[in-house]
Amino acid sequence: MKRGLSFVLSIIMLAILLAACGNSASKDEQSAQGSDSEKSLRMALVLPEKIGVNPFFVQMDEGFKKAGEEFKVDTKTIESTDPAAFEQNLRAAVAENYDLIITATFQAEDALKKVAAENPDKSFAIVDTTVDLPNVRSVGFREYEGAYLLGAAAGLSTKTDKVGMIAAMDVPLIKKYTEGFKAGLESVNPDAEFLVNYVGGFNDPAKAKELALVQFGKGADFIAGASAVGDLGVFEAAKEKGFYTSGQDTDRTVEDPEHIVLSQLKSTDTVAYETVKDFVEGNFKAGAVNYGLKEDGVGLTYVTRDSESPLNAFVGQEVIDRVKAIKDDIVSGKIVVKDPLQQ
């Protein structure tokens, strides 16, 4: 009888063990299935041109990849050779079913309007311009705030009261640079003359250099570069003739601190990073967002960010301290820099 009872108990214990193992295996299987279903998000940065030496795209690509690494997102950057190739690349990114497709600049507007409208269930973002569609986030900058600081610094630093700017094109986007600069200049030095010339494109250093030499011939001792790759020509002219200049987007003073004495900053890396972050965290919404001094989206070397280069004596610490006070007044709302496109 005892043996029979022991046998029955053994059978019961074996059944319990088998059931437990079965449940564990089932949970492991469910866990494996769950991890397979939680696939990484995939995002594409589709640019309308080659990154090349344009700091705008270089910096943006860096921010995009940094966010991908931090948030465990599969990222891919696709460069385009011409407008036709850009639209094809956008369509390819849609076909490959990327969760978010990011692009940039007014060069991308027409193609994005077409592709985004045809794919209303797909999420897009565009940096540095506006596309008014319900599935597109348009990320803009208040460049005129950074340009205001640069103009003020130039107005306080000039010794000839003649200051210039070599701009890319006479288009609305560039007015945020030229008009913002002019407003800052006039606010501190109403007697200064402002010279502005347009290159006619974003990739013509030779033309930019030629125009900078013309402005230098008229007495300008500070000539700001605002022509993208064309700024390389302005820098070359400054080195040859001994005038002072400034760069755009990133800290260009490190290239030639003797002549490139300031840089208007535009944090395309920040906005690319924040766009990816918002999508990952479920905070991505279509519509317009913009970044200015308050959000650290724009700025000026030595004023909003330190530089590896020593401050050039042409500008000097006294000027920087005055411009820092102007920056604080803009952030607090005491000074309101008008958007040239809204006037």
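Structural remarks
- Check on ASP82, in contact with a Lys or Arg (Cβ under 8 Å, 6 or more places away or on another chain), surrounded by fewer than 20 Cβ atoms within 10 Å (Cβ to Cβ) and among the acidic types (Asp, Glu): no
- In the set VAL271, VAL229, only one residue is in contact (Cβ under 8 Å) with a residue 60 or more places away in the chain and open to solvent by less than 10 Å² (accessible area, probe 1.4 Å); that residue is VAL271.
- Near pairs, Cβ below 9 angstrom, 6+ apart or cross-chain, from the stretch 135-148 (under 20 Å from LYS114 (Cα atoms) and among the basic types (Lys, Arg)) to any residue that is open to solvent by 10 Å² or more (accessible area, probe 1.4 Å) and assigned to a loop (DSSP other than H, G, I, E, B): ARG137/PHE284; ARG137/LYS285; ARG137/ALA286
- Of the set (1) in contact with a strand residue (DSSP E or B) (Cβ under 8 Å, 6 or more places away or on another chain); (2) part of a helix (DSSP H, G or I); (3) open to solvent by 20 Å² or more (accessible area, probe 1.4 Å), all apply to ALA238 but (3).
- The set of residues in the stretch 319-331 being closer than 17 Å to LYS266 by Cα and either open to solvent by 80 Å² or more (accessible area, probe 1.4 Å) or of a type in the set (Gly, Ala, Ser) (or both) is empty.
- Inspection of the stretch 138-151 finds a residue satisfying the criterion of being of a type in the set (Gly, Ala, Ser), more than 19 Å from the chain's Cα centre (by Cα) and buried (at least 22 other Cβ atoms within 10 Å of the Cβ).
Condition check ((1) buried (at least 17 other Cβ atoms within 10 Å of the Cβ); (2) at pLDDT below 95) across all residues:
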position: GLU295; (1), (2): no, yes
position: SER309; (1), (2): yes, no
position: ALA313; (1), (2): no, no
position: GLN317; (1), (2): no, no
position: GLY333; (1), (2): no, no
position: VAL336; (1), (2): no, no
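The values are calculated or read from the model by the stated rules, or taken from the named source; none is laboratory data. The model shown is predicted, which means the values in this text are computed figures rather than measured ones. Reconstructed Cβ throughout: ideal geometry from the backbone, glycine too, with neighbour counts over all protein chains shown. The area values use the complete protein model at the heavy-atom level, side chains included, leaving out ligands, DNA and RNA. Shrake-Rupley method; radii C 1.70, N 1.55, O 1.52, S 1.80 Å.
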